[in-house]
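Asker: This is the structure I want to talk about, given as structure tokens.
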Amino acid sequence: MRAEHQPWWFVALFALAAGGGAVAYVPLLTVLLPLKITSLMGSQDVSALAQVTFFGAIVASLANIAFGVASDRSGSRVPWILAGLLASSVLLVAIGEAQDLVQLVALVMAWQVGLNMMLGPLVAWAGDCFPDSQKGTLGGALSLAPAMGALAGSLVTFEPLIASGQRLWVVAGLVCILVLPVTVLGRRRERASLMAPRPEAIAEASEDQTRAAVARMWFARFLVQIAEAGLFAFLLFWLRSLSPGFHENQAANIFSTVLICSVPLSLVIGRWSDRHGRPILPLSACAAMAAAGLAVMAASSGLTLAIAGYVVFGISGTIFLSLHTAQTLRVLPQPRNRGRDMGFFNLTNTVPSLVMPWLTIALVPAFGFTALFALFAALSLGAALLLATIRRRT
């Protein structure tokens, strides 16, 4: 029986909650944490930041899986979301009070536990609520999240409006404002048909097909995320290698423009995939477009063509990641393990940040950014081919 569609207001509230998750970590990890480390460590800030980021990524990976399992077994996601919201908000403010690197590392690791107590069950809750025929629309709405995270970073660093000592308080407040409405107004919107175990006969008959689809979805996202992590970390360095005077504000503006342009396109493409019953085709097409953008970047010697290539990659990659999150819920084998399985998919977000620096160190000093972007293009093309081989499920 086809599950009942969710109303638009619930889609919007869920998208805002996902945006709240991005607001919780984007300003901290991209701006506020590096500033805090510099104030504590001075010239040793780069190595200290690497240490904090490394341990934080490991804890985030484990915590997301653990709380996904916990929400599966408890049979209720919302209490975990609320507990994670409270814990992560308190610990976020506490990070600003750290007095040395040891305290800072411990607080960031604890904050990652609280954050993933909220995020893991939140993503799994989407699978409990939104039917397959609405997952493209959900994925399009989720594209708001990275844009909201970037805008929040700009807001809290606007000194005429927010004092430096109040930044983390403001971030915590914004997260609560964005996440709380869906937990209050969206209670009991789960669909029984989406939470019922799949019949064993059906599960066994399609086990090989399901396992293959899950593996392809996982590896495809992992490959694209390596390229995303590389561009996130080294975009400014690359642009300055082409134009030494390129200002950081210009790079930030390009990054923000890409995220903002991705939102309406994601909504249109996601809605199209729902109407035509083609959930995987847009993912494969976006991965291929991302590969094309990276190929242009690899071949570029001038700034204009290079930026054009990045815009193609950035928009395609953002659409891909937003739609992929929602469509992943379609291929998971059993609803009773949805939180756990999405926790393992979350590794595609954290592990690339650990892999990418080694690729950069191996390639850029000897061969320049051209070789790095050529590798990223090959990985994205591989993702497109993996997705193209997934058998369509009706």
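A short reminder: the numbers here are calculations on the coordinates, not readings from a lab. Because the structure is a prediction, the values reported are computed rather than measured. Cβ: placed from backbone, ideal geometry, glycine included. Neighbour counts: every protein chain shown.
Asker: Write out the trypsin sites (Lys or Arg not before Pro) in the stretch 1-88 meeting two conditions: DSSP loop, and at most 13 other Cβ atoms within 10 Å of their Cβ. Mind showing how you got there, number by number?
Answerer: Details: sites: 2, 36, 73, 77; in loops: 2, 77.
When the trypsin sites (Lys or Arg not before Pro) of the stretch 1-88 are filtered for loop state and at most 13 Cβ neighbours within 10 Å, 2 remain.
Asker: Okay, moving on. Which helices of the chain meet both criteria: a Cα extent of 15 Å or more along the helical axis and a mean Kyte-Doolittle score no lower than 0.0, with helices taken as whole DSSP H segments?
Answerer: Helices meeting the criterion: 8-27, 45-74, 78-95, 101-129, 144-156, 167-185, 207-242, 248-276, 281-299, 303-331, 338-388.
Asker: Less than 14 Å Cβ to Cβ from residue 380, Lys/Arg counted +1 and Asp/Glu -1: what total charge do the surrounding residues give? Mind showing how you got there, number by number?
Answerer: Values: positive: 221; negative: 228.
Once all neighbours under 14 Å are counted, the net charge is 0.
Asker: Also, quick follow-up: Multiplying the sequence separation of residue 94 and residue 243 by 0.36 nm and subtracting their Cα-Cα distance, what value in nm do you get?
Answerer: Extending this stretch completely gives an extra 49.7 nm.
Asker: So how do 9, 238 line up by other beta-carbon neighbours within 10 Å, fewest first?
Answerer: 9, 238
Asker: Residues with beta-carbon under 15 Å from that of residue 186, excluding residue 186: net charge, scoring Lys, Arg +1 and Asp, Glu -1?
Answerer: For residues surrounding residue 186, the net value is +2.
Asker: Contour minus end-to-end for residue 76 and residue 166, with contour as 0.36 nm per residue of separation and end-to-end as the Cα-Cα distance?
Answerer: 29.0 nm
Asker: If you don't mind, another one. Counting pairwise Cα distances across the chain, what percent come out greater than 32 angstrom?
Answerer: I get 32 percent for the Cα pairs in the chain exceeding 32 Å.
Asker: Put +1 on the Cβ of each Lys and Arg and -1 on the Cβ of each Asp and Glu in the chain; which of 29, 49, 379 then has its Cα farthest toward the positive end of the dipole?
Answerer: Result: 379, furthest along the dipole toward the positive end.
Asker: So how do 80-89, 99-108 stack up, highest first, on mean other-Cβ count within 10 Å?
Answerer: Highest mean packing first, the order is 80-89, 99-108.
Asker: Now for a different question. When a footprinting reagent is the concern and you count Cβ atoms within 10 Å, what order do 176, 129 take, fewest first?
Answerer: 176, 129
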